[in-house]
Structures are given as C-alpha cells and as structure tokens.
2 protein chains.
Amino acid sequence: MIDQKMPNWLKQRAFLTPDRIAFCTKEETVTYGKLNRQVRSLSLKLSGIGIDKQDKIALLFNNGLDMVRLYHTMPYLGTVAVPLNTRLSAEEQKWQLEDSGAAILIYDEAYRQRAQEIKKLNPKLNMMSMRELESQAEASWTLHAHVNMDDLHTIIYTSGTTGHPKGVMLSYNNHWWSAIGSALNLGIENNDKWLAVVPFFHVSGLSMLMKNVIYGVPVVIHSSFDPEAVNQAIIKDGVTMVSVVTAMLTQMIEKLGDGSYPNTLRCMLLGGGPAPRVILEACKDKGIPVFQSYGLSETGSQIVTLSPEYMFEKLGSAGKPLFPCEIRIMKDHKAAGPNEEGEIVVKGPNVARGYLNRSEATREAIRDGWLYTGDIGYLDEDGFLYVLDRRKDLIISGGENVYPAEVEAVLLQHQEIAESGVIGVSHARWGQVPAAFVKLKDPEYAVTEEEIIEFCKGHLAGYKTPKHIFFVDGLPRNASKKLLRRHLYDLLPDHLKS
Amino acid sequence: MIDQKMPNWLKQRAFLTPDRIAFCTKEETVTYGKLNRQVRSLSLKLSGIGIDKQDKIALLFNNGLDMVRLYHTMPYLGTVAVPLNTRLSAEEQKWQLEDSGAAILIYDEAYRQRAQEIKKLNPKLNMMSMRELESQAEASWTLHAHVNMDDLHTIIYTSGTTGHPKGVMLSYNNHWWSAIGSALNLGIENNDKWLAVVPFFHVSGLSMLMKNVIYGVPVVIHSSFDPEAVNQAIIKDGVTMVSVVTAMLTQMIEKLGDGSYPNTLRCMLLGGGPAPRVILEACKDKGIPVFQSYGLSETGSQIVTLSPEYMFEKLGSAGKPLFPCEIRIMKDHKAAGPNEEGEIVVKGPNVARGYLNRSEATREAIRDGWLYTGDIGYLDEDGFLYVLDRRKDLIISGGENVYPAEVEAVLLQHQEIAESGVIGVSHARWGQVPAAFVKLKDPEYAVTEEEIIEFCKGHLAGYKTPKHIFFVDGLPRNASKKLLRRHLYDLLPDHLKS
C-alpha cells in the first residue's frame, strides 16, 4: 500500500457497524459502539497515569473483556502490549517484564497476589490492578485515529531452543495480514460466531480479537476451558468457528460421547502441534470439520491450513500456505524436493519482523524474509505440508511449548545437580509432559524426586515442570560433549516409552 | 507490508485449489488449474511475438474467457493491460491506443472490422487477433512467479470534466485492497458464485476477475446482458452475487414480473450512479438484497457500500466506506459537518496513484492521498453517504459516464457549429441521455438535427451521441463567458424537463 496508515481498527469498526454485537461473555454482551466507548475511556485513563506513546504495557489477565479492552487501547495510545502467560512462575513473569522494559504491568484482580510476588522479586517494577486503573481520571489527550501499519502492537514471548524466551515483535501489518490470509481461506460468513477459549495471551487467542474488529464477527468468550461448556456453545449458541489445541479437542470429543455437533459448526481450527491420527479419525467419523493448521508466534497465528476440500483426502497434513504466504523445505541450504524431509521455512507479510532486542537471533531466524522455523517436515507432490517434528526437541504439553533447554537451566540452579537433560514423554491428556534426567554432584546425597520437582515449581510454570525425575550416573553426549537428548529416550522405563 | 512482493495471484490460487471451478460460460467450465495452464501458454506466446516487461497491451473484447486469460498474462509478463471500451468509436479507441503507447492491440474476432478501421486511422498501430495470437509459438521465457504490489496491472480510461479521457493507473495494490475491502463488507461464503455481466473493460467487471483469483470464488460469465438470462442464472444456477447498474436492474425486475429470486441470492451490488427510489422500493418489496454502492475507476471499484444491516433503514444512501477507506465532504477547503453538502473526497489503499502521463491532473485530483472526486454529496449524522450529483454535469447513461465537455468538443468539430452545450435529460430505460444545444455559425444554413447526430456517431460511442439537438441563437454564459450548463435545462421543451 502506498499509504502505510489505516483507520484505527476498533474505531472504524465501531463507525461502520456500531450496533453489531462484538462480544458475549457469561456476564455481558457488548456492541462495537459500546466497546469503543469503553476503550476510549480506558485509553484516556492510561494516559492519565502517564502512559505515553511507545510505552510497553504488560498484561496479566485471564480471558475476558478487560484484556480485550486493554489490547485495543494500544492503537489509541501508540503503545505496545506485552501479554504475560498466566501459567508462568512469578520469576518467569518478572524476567519478561524486565526484558521488555514494560512501563507498567496491569493485572486482573485474580492475580493480585501474584503481582505482589513479582514486586517482591523486583520492587522497581511499576504495576496497577485493573480496578485501580478504572478508578483513575481521564486525561485530556488526543487519541490516535489511525494506526501506522508498521508500528508494533504486541510483543509475545516465545521460548526457544536455547536460554531465555524471546519477545516476538508483531506489527499491525502482521496482525492484519494474518487475519486477511485466514479470511481468504476460511471465508467470512454472515452468521459467523467465533468461540474464544484459547488464551488471549497466546497469538492464537489474540488473532481472534484482531479478526473480531477487522471482520466484524462476534466472539463468545469463555474465561477458561470447560469441554462441556464449549460443546454447549456449539450445540446451543450457534457458534460456527472454534480454535482449539489437540488436548482440548480430545476432551470435547470425550464429553460429546455419542452426540454430535450441528452443521452450524463450520470450522474447528486445530493448532498447537500435530494431532494424533486417532483424534482426526474420530472427528472424521463424527463429521466434525477439522481444519488442521500450523503456525507460530512469529507468524501471527496459523500460516498453513488445510482447505475444506482436502480435509479428509489429506488427513494428517497441515495443508497449504495462506494466500499471501509461501513455504519451502530447506535441506543442506537447498530447497528440498517433494516428499523430502527438511526444515520448514515460511514467508509472508504476517511474519514478525524479529525478536525484541535480539538482533542476532533475528538475523538467524529470518533470512531474506524467510523465517527458518526449526521445525521438520516435508511437502508432498501436491505441495501439502506434513509436519514431522516441531522445533528440535520441543515438547508440546496441552498446546503450550516447553523447551528442554529452559527446564534444564532451572535444574542446574539446584545446588545438588551437576548435569541435566529433559525430554517429552507421552501423556494421555496433555499429549506430552517433560521428564528430566539428572546427574547429582554427589551421588551419595539423598535428594528425592519430589524435592527436585518442588524446586522446579518455584521457578517454572506448572506445565514446564518435569513430571518425572530420573537419576543417572552420566548423560549421553557426543564427542564435543553436546547433550544427545534423543538417546535419553532409551533410558526411559518401559511404561513411558511411546 | 515489509515485503512488497506477493505470489502471482492466479499461480497461487491454482496451487492452493487447482480443482475448484474458476469460470463457467455457456460453452465451457474451467478450473483454476486449467486456467493457469492456459494463461501460462498464452503468456509465452505473447513473449514469443516480442512482448516485453512494462509493455502495454490493449484489449478489445466482449466479456469472455479470452479477456480473462489475457488479463492474467500481465503478472506473468510484467505487462500492463489497457482494456478498451467496446462501445467507443474507432477514433476514440485509436486515441486511447496512442495515448497509452500500447505496444499491441489484441482483439476478439468479433472486432476484426473495427480493428481495420482503427488501423486505417493510424497504420502504425500494432495489432493482432486472438486467433492469430493463439497460433503463435511459445517462447522460452521465465514467467514471473511473483507480483510487485506497486506495479501497474491496468490502465482504464475514464472521461473527465474537460478534454480527452485520462488513463487511470491501477496497481496490484489497488486491485488487492479493493477486493479485500469488499470482502470485509460483503463476506466470502462457501457457496458463493458471482455472475459477471458488467463489462470486463470497466473497473466493475475487472474487479470481479480479481476477486475470482483472490477469493477463489467461481464466476459465471454472460457475454452480453440479457435480463431474462440473468434472472435464470439467479433462479436456477445458484448465483449468489451479481453486480449491476440501475438500467440493468430495472429490466431484470420488469422481466421478473410477479416472480421472485430465491434466497441463495445474497447480494445485488448496485453501482453506476444513484438509483431512483422507485427501483429501490420495488426491490424492497421483492426482498431483493440490494447493496447500493459508490465508486469510480480511480477507486478500483466501489469504495462506499451500504452494509446489510442498513439496507432498508438508509434507503437511498450509498453507505459507508470500505474498512480500509475513509470519506470526507469538503466545502470551502474545510471538512463539512453532518448533512452539509460538498465535494466527496475519499482515501484508501485502493485509490489509484494517478493518471498516465498527466501529472497535473493527478496533482489536482489526488492531494495528500485524498481523491477529490468532483461529485457532490453529504454525510448524515451517522456518517452515511448520500450522493447528490455525480461529477459536475456528468451524465450517466445506462451506467456509462458521459462528460458534456467531450461531446461539446466533438460538436465543435462540425464545420457549421459555432458553440455547443450538452446536458443530460431523463430517459426511461437509460436513466439519462445526452441532449445538445448548438449555435450555428450561419443561422441561415440549413443543417438538420439528423445530420448533426450522424456526424457525432462518426466520432463518439453511441451512448455519448446526443439524442436531441436544439438550435439556439446563443448559449447562457456568465460574465467571463463560461458556459452555464444548468441554465440549459430551462431551454428544454416541457416534455423533456424532469
């Protein structure tokens, strides 16, 4: 586009269709007109407490309208949202607040105690509860009527293969093109109604909030995942589209039993790692329109999705790229041929411009506009993507990414642990859970599995905490002493081998 | 977007959904896969006859797959299409070929004789029939797999208030954003099927071809307008969306009689000038979902459309801008208030970058990214646009624009005519037709109305030719001798006064 400015999305949506329903929660229903008035007021209150253009505003919230409203204050103020994963430990959250240089943390009343814990870890961090913010006076300030499409809207932290998480920088352009690319694949129907049950702090939940204002499609918000409630929303409330991860879908199907969904449900968008064939077959039997997809925080939501007409024919494939996007498999620095495995590399206007304050990691991940995902897969002869392995050693537990390196680093902080190695083991409900192998400094010292798990809980989100600890005399390493995680699988007790 | 390149649209569409139906005509049905193969072959033939990047290729075709295929060779070759209005005179077409500097004219067999007439007017013009082109050998040439979004795709000539028509330069960006803006308003439904009956040489028809590849929605092509055939396509063939102008809609409703359309018809997109209330009321009575719209060649199709929910409440309004667009009413160099009349001024990424080789006209029309349309209207208190008058003195006849200045200039070429003034008078079928007032050089000379009309036919498209000639002793002019066209209405015989 010649002009990189666009009308502020919520403002424009509220102008175009003020009376259309934007959101339904258990408690309330808001139109775009009302939502916009609320967001403008909230923006002026943020301005009143000194929040200024380009400030980063961290958010610690469960799914709900407060988080929606705060997200939409960003374009009005020119600020950048830093949503925190609510499941992280206080220490992890503190680290992200420091790394992003957040001007303030706004938190849900539900996280008052957590906010205090974070404050204890770093008393200099600035924070305020939603209730306190609401009671502030509105500043007199001119809210931005336009967005600069290249400006950042969100920084979402994602874990990597090494060290600390990295803040993925997502611009308005990224969010816009993600929404448009998805619309060109899934369509925008007149009676559409999305159900939002994936977290708004993840790119999957956030992307739904963007589609909400860009498409003008109503979103039903569930503040937490209850498979029975989701089923009822589909069966009774006319929800037409749902985003889920495999663990959720499994539970929904379990609860559904012999029942079925009405054909108003036109899209079950499935993300968060490859789905087991058994689940897909169950969906096929029940006629559930599952759209497998593949995406990362760096792609602003899904970038590859299986089109309706290939839903069953290419079962197990993540599909083809969105219309404005491209995909390649790279092997030995060359594009691989059909059915040849290699690294999945993607390109498109929805791909993030990089990682906050990490120019080296950015240069390594994004070359010539192509994002090197680190995931392994192949394209079949028709160009359909099959994802074989998520990023090297990545563990996906209930749709959340767990990087072994991060868990291993925490284990090494334990004063008795000399070496550590973490892998994922199968789990009926969560898909995978982390399991750790540790070598103690003093093999005679009687530290227990429970003690180590307890120690990890103090530093890591629950889903990252190893569920099994195995004591070993040494870890498998190659000649240059690099840990060979894949050899750890051989050390597992039989009942955990998958 | 960071990267201004995008996959070639037809290529990408054919890759994503090769087996989906792209077009149906009376004679054939083509999938995207087949269409792409045909277009690639045609591109290589064009390359074979020496057509090169940035060449302009003029097209003289009735609606049909040949024109579709030729349009899609542009991104593969990096060339620019110059569609010619088939209803123009040979002289007018010759002028556009010269003005655009077209490297070649490709024409339908149906226009072989017309091509010869043009050739007689300028023997240097290069031209070839579609049949001749098809028989050429394919060059070995690498077709472009990507489009540069800022490159031009089309130059569409549009008449203006003064002098010759101007070539509107439409880029891939313009077409893309027009399609996306429309999708965000009208939706993209799974069972959608467009009927194309408006000319592909106009922006309204062309925009449908762009939506075809971008959305992946099948288009039914009628090579000419037959109201009965259109009605049957809606009633029997499941057409869900039709673009029409008022004159077409009027005839369709007449033919429909007491019948009605099935509710598969979800959008009757109405463009080409304000619709009379009586037609809208008739549609309302019949439950026809009319979407009034407002657009120009310069906006790459409609830029203002009435959303479904306001279809009847705001009857007579053209609606609100598309999502990425904005609208203002300017009066005395200031934005007018609600319900205040002024010039309609629009902005958005679909707005053309200007006129070919006419930097002054471009500077005058587009200021600060805002297109000054010359049309008069107002915004009501809710922001809905009401178009009062199309560009100063513009006559709209059957959806085609006729500029008085152009007709007046032709009249002045007649050796007996000293002065001329042209206005539009009401016409039951075409909405308006041109009527001319002429002052003869020698009032004694016995030139007839028929002779003058015949003379005009030799230089102008039929729809531009005046249907009435009135002989006057002088034309109404202001102090500085400027023609006061609005005073001509007083000189009309009573039966033509509306």
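The values are calculated or read from the model by the stated rules, or taken from the named source; none is laboratory data. Note that the structure is a prediction, hence the values are computed from the model and not measured. Counting neighbours? That spans all protein chains shown, and the Cβs are built from the backbone with ideal geometry, glycine included.
Exactly one residue out of B:Ser171, B:Ser129, B:Ser159 is within 14 Å of chain A (Cβ to nearest Cβ) and buried (at least 18 other Cβ atoms within 10 Å of the Cβ): that is B:Ser171.
Within the range A:13-36, take every residue that is over 26 Å from A:Phe225 (Cβ atoms) and without any contact (Cβ under 8 Å) to a residue 60 or more places away in the chain and give me the one that is farthest from the other protein chains (Cβ to nearest Cβ). Ranking the qualifying residues of the range A:13-36, first place goes to A:Lys34.
If you check B:Tyr294, B:Tyr261 for being part of a loop (DSSP other than H, G, I, E, B) and either more than 27 Å from A:Val147 (Cα to Cα) or away from chain A (no Cβ under 13 Å) (or both), only one passes: B:Tyr261. Of all the criteria given as (1) touching a strand residue (DSSP E or B) at 6+ places or on another chain (Cβ under 7 Å); (2) β-branched (Val, Ile, Thr); (3) within 19 Å of A:Glu28 (Cβ to Cβ), the one not satisfied by A:Val213 is (1). Only one of the numbered conditions (1) part of a loop (DSSP other than H, G, I, E, B); (2) closer than 21 Å to B:Gly205 by Cβ is not met by B:Ser243, and that is (1).
In this entry, B:Arg358 passes the filter for residues that are of a type in the set (Lys, Arg), in contact (Cβ under 8 Å) with a residue 24 or more places away in the chain and away from chain A (no Cβ under 14 Å). Would you confirm whether or not the range B:386-403 contains a residue that is within 14 Å of chain A (Cβ to nearest Cβ) and buried (at least 17 other Cβ atoms within 10 Å of the Cβ)? Checked against the condition, which is being within 14 Å of chain A (Cβ to nearest Cβ) and buried (at least 17 other Cβ atoms within 10 Å of the Cβ), the range B:386-403 yields no hits at all. Scanning the range B:298-314 for residues that are surrounded by fewer than 23 Cβ atoms within 10 Å (Cβ to Cβ) and touching a residue at least 24 places away in the same chain (Cβ under 8 Å), we see that the one that is nearest to the chain's Cα centre (by Cα) is B:Ser307.
Among the residues that make up the range B:441-448, is at least one of them assigned by TED's automatic domain parsing to the domain that holds B:Leu484 and outside any loop (DSSP other than H, G, I, E, B)? Steps first, please.
The initial filter retains those residues of the range B:441-448 that are assigned by TED's automatic domain parsing to the domain that holds B:Leu484, namely B:441-448.
Cutting the leftovers down to outside any loop (DSSP other than H, G, I, E, B) gives us none.
Checked against the condition, which is being assigned by TED's automatic domain parsing to the domain that holds B:Leu484 and outside any loop (DSSP other than H, G, I, E, B), the range B:441-448 yields no hits at all.
Just one of the numbered conditions (1) under 22 Å from the mean Cα position of the chain (by Cα); (2) closer than 30 Å to B:Asn263 by Cβ is not true of B:Asp285: (1).
One line per residue, one yes/no per condition, for (1) under 20 Å from A:Gly216 (Cα atoms); (2) buried (at least 18 other Cβ atoms within 10 Å of the Cβ); (3) among the polar types (S, T, N, Q); (4) not assigned by TED's automatic domain parsing to the domain that holds B:Val198:
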{"site": "B:Gly316", "(1), (2), (3), (4)": "no, no, no, no"}
{"site": "B:Ile327", "(1), (2), (3), (4)": "yes, yes, no, no"}
{"site": "B:Gly342", "(1), (2), (3), (4)": "no, yes, no, no"}
{"site": "B:Val346", "(1), (2), (3), (4)": "no, yes, no, no"}
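Filter the range A:250-275 for residues that are modelled with pLDDT under 90 and farther than 20 Å from A:Val220 by Cα and give the result. Selection gives A:Thr250, A:Gly272, A:Gly273, A:Pro274, A:Ala275. Please tell me if A:Val217 is away from chain B (no Cβ under 12 Å) and aliphatic (A, V, I, L, M). No, not satisfied.
Would you confirm, using the coordinates I've provided, whether A:Ala22 is more than 26 Å from the chain's Cα centre (by Cα), of a type in the set (A, V, I, L, M, F, W, C) and assigned by TED's automatic domain parsing to the domain that holds A:Gly216? No, not satisfied.
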